[in-house]
Each structure stands twice: as structure tokens, then as C-alpha cells.
Amino acid sequence: MIKLKVNGEAHQLENIDPETPLLWVLRDTLGLTGTKYGCGISMCGACTVHLDGEAIRSCSFSVGDIGDSEVTTIEGLAAEDEEHPLLAAWKEHAVPQCGYCQTGQIMNAAALLSENPEPTDAEVDEAMWGNICRCGTYIRIRAAIHSAAKGAQS
């Protein structure tokens, strides 16, 4: 039996191989489909979630390695009655084109802002480097991150 805490909710999962990537447990077992499969080798960032607040690639992280850590997905990023500043900024700057990579982008940006609430352009670019956007909305992503940072400080 695998015990897993996701978005503040405890789960006991039976018949799950501990070597199963976290991504597939989130999507197929728990029905949290906001986390996307992109490449399966930690290169694109579409599957980014937080493990105790740190951005990780869920496609390459075995569910058996989670232990007592807290997993946060895009579904758990904000309380039900409020919109996360990054989600509002993403809308304000019309970031998504196809939208496929956006949950991973937002989760990586949230980890960045929790560590560095006032990042420079260079710090944003460095932190977001491994998240690929095939539509090329990188300039809008950076602008949205800066807007969210300013909104969080207000």
C-alpha cells in the first residue's frame, strides 16, 4: 500500500507498483489531469508539480519515493475561494496559446516566486529554462510572473 498526500488530502493506494511514475498515479489513479505528460524524460516541464514546495518533474519521480512529503498539483495551487496570483496574471497577459504546457509553467513559476518574490528577468529565465512552450509565449510568461510577483506584494 502506498500512502500519498496530495493537495492536502491523504490517499491510501493499493495495487500500485512503487516504481510507477508519480505523473501516472496523479492522472490515472487520482484523476488529477491538470498535470500533463509531455516527454516522459524530465526535459519539457509539462508534468511539473511541487514536492514539499519544490518544483519536480512528476514523470521521472517514482511514487514509492514520495514518503511523507506533500504533493501539490495545479488543482491544489490555490484555495477554492480565491484565484492564485499566477492564474490571474496568466489571464491578464493572455499567456496560453495551445495551453498544453501551461500547468507545468505555472507550477514552476509558483516555486520560483515562493523562493524569490522579486525575480529579475534573468532569474525568471534561469528558473523557467527547462519548461518548454512550443507556442513560444516566453515573453508573456515572464511578464505574467512579474505581474504575479507585484500582485502578491500588494
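Remarks
- Candidates 76, 104, 31, ranked by Gaussian network fluctuation over the chain, Cα under 10 Å, top entry: 31
- Straightening the chain between residue 139 and residue 120 buys 5.5 nm, computed as 0.36 nm per residue apart minus the Cα-Cα spacing.
- Protection-proxy order for peptides 121-134, 54-67, each taking the mean of Cβ atoms within 10 Å per residue, highest first: 54-67, 121-134
- Cβ-Cβ distance of residue 17 and residue 39, R₀ of 30 Å, FRET efficiency by 1/(1 + (r/R0)^6): the value works out to about 0.90.
- If R0 equals 35 Å, the separation of the Cβ atoms of residue 65 and residue 98 corresponds to a calculated FRET efficiency of about 0.65.
- Amide H within-cut-off set for residue 20, under 5 Å, with H built and near neighbours excluded: 63, 64
- For the stretch 49-65, putting each phi into the Karplus relation 6.51 cos²θ - 1.76 cosθ + 1.60 with θ = phi - 60° gives couplings of 9, 9, 10, 6, x, 9, 6, 10, 8, 6, 6, 10, 10, 5, 4, x, 8 Hz, in residue order, rounded to whole numbers and with x for Gly and Pro.
- Cα-based equivalent ellipsoid of the stretch 85-153: semi-axis lengths in Å, sorted from largest, via gyration tensor: 17, 13, 10
No value in this document is a laboratory result; all are computed from the given coordinates. Note that the structure is a prediction, hence the values are computed from the model and not measured. Counting neighbours? That spans all protein chains shown, and the Cβs are built from the backbone with ideal geometry, glycine included.
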